[in-house]
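The values are calculated or read from the model by the stated rules, or taken from the named source; none is laboratory data. Please read these numbers as outputs of a predicted model, since none were measured by experiment. Here the Cβ positions follow ideal geometry from the backbone for every residue, glycine too, while neighbour counts run over all protein chains shown. Note: accessible area is taken over every heavy atom of the protein model, side chains too, but ligands, DNA and RNA are not part of it. Shrake-Rupley method; radii C 1.70, N 1.55, O 1.52, S 1.80 Å.
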Amino acid sequence: IDRQGQASALTLGPLSPLARVRVPVSTGKLRLSNAGDFPLYYSWAEQGFERNPPQQALNQGLEILHEVVDAKGTVLTEAKLGDEVFVRVRVRSLNQAQVNNVALVDVLPGGLEPVLAATGDADGGEAPDAPLWQRRLGGRGSWRVDYADVREDRVVFYGTVGKELLELTYKVRATNVGEFVVPAAYGEAMYDRRIFARSAGAKFKVVPAN
């Protein structure tokens with residue numbers, strides 16, 4: 001059913017092993033019906049990006065603050081090409097004393113990428129017995145995450161969150177000149193999806209070094 005209330009049937013694909021169908025972008029509502037004798041099960045998948053970065057944070061049992069800062073902790077909105085700055089992520093529980101198994105996805109803007117060390121001990125001073133991801137990423141702070149999945153354009157943190165504001169910072173490098181959208185950091189309790197949060201979006205500029 002489109003946004004004007006006009007309904008039209010969608011033709012399902014072959015059962016191999018599940019019937020699939022693409023829903024038009026103009027869809028406002030989706031109506032499912034079953035004329036057969038067997039139960040109908042369905043799954044809905046959606047992907048893409050918001051046209052405009054969210055101006056306000058969204059807190060549902062969690063709170064996430066996301067900023068780009070310098071070595072002194074001053075919030076930055078601009079860096080020069082080749083500069084190394086820091087991403088600071090802060091998170092806390094708003095209601096429960098402790099939220100277990102939180103996954104926090106921190107997508108970097110197009111002009112920044114993580115600074116990864118070969119062993120981690122050359123830059124950051126992490127202990128040799130620290131986890132490999134920590135030695136490579138050099139993440140520091142009060143949030144002792146269980147694991148971090150370091151990718152080219154994002155870092156996904158997994159850990160427990162309490163009511164105390166926890167902080168984690170890691171180093172990134174400005175690699176492309178331009179004005180970029182800073183995606184909102186998003187986190188949720190993996191086994192209780194009623195608990196989630198999203199930071200406010202922002203913009204970040206990378207200018208030529210000279």
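I'm trying to understand the selection: among the residues of the stretch 149-160, which are touching a Phe, Trp or Tyr at 6+ places or on another chain (Cβ under 8 Å) and either surrounded by fewer than 21 Cβ atoms within 10 Å (Cβ to Cβ) or closer than 21 Å to residue 60 by Cβ (or both)?
Those that are touching a Phe, Trp or Tyr at 6+ places or on another chain (Cβ under 8 Å) and either surrounded by fewer than 21 Cβ atoms within 10 Å (Cβ to Cβ) or closer than 21 Å to residue 60 by Cβ (or both): 149, 150, 157, 158, 159.
Would you mention how many residues in the stretch 176-200 are surrounded by 16 or more Cβ atoms within 10 Å (Cβ to Cβ) and within 28 Å of residue 95 (Cα to Cα)?
Residues that pass the stated criteria total 14.
Is at least one residue of the stretch 164-171 touching a Pro at 6+ places or on another chain (Cβ under 8 Å), buried (at least 16 other Cβ atoms within 10 Å of the Cβ), at pLDDT 90 or above and under 26 Å from residue 48 (Cβ atoms)?
There is no residue in the stretch 164-171 that is touching a Pro at 6+ places or on another chain (Cβ under 8 Å), buried (at least 16 other Cβ atoms within 10 Å of the Cβ), at pLDDT 90 or above and under 26 Å from residue 48 (Cβ atoms).
Return the residue satisfying two criteria in turn: it lies in the stretch 15-26 and is open to solvent by 100 Å² or more (accessible area, probe 1.4 Å) and of a type outside the set (A, V, I, L, M, F, W, C), and of such residues it is nearest to residue 203 (Cα to Cα).
Here the answer is 22.
Would you point out the residue of the stretch 27-44, among those that are surrounded by 10 or more Cβ atoms within 10 Å (Cβ to Cβ) and part of a loop (DSSP other than H, G, I, E, B), that is modelled with the lowest pLDDT?
Looking at the filtered set, the residue picked out is 34.
What are the pairs with Cβ atoms under 7 angstrom where one residue, in the stretch 59-82, is closer than 29 Å to residue 196 by Cα and in contact (Cβ under 8 Å) with a residue 60 or more places away in the chain and the other, located anywhere, is among the hydroxyl-bearing types (Ser, Thr, Tyr) and surrounded by 11 or more Cβ atoms within 10 Å (Cβ to Cβ)? Sequence gap at least six, or different chains.
Going by the 7 Å Cβ cut-off, the qualifying pairs are 61/93; 62/93; 64/199; 65/199; 66/199.
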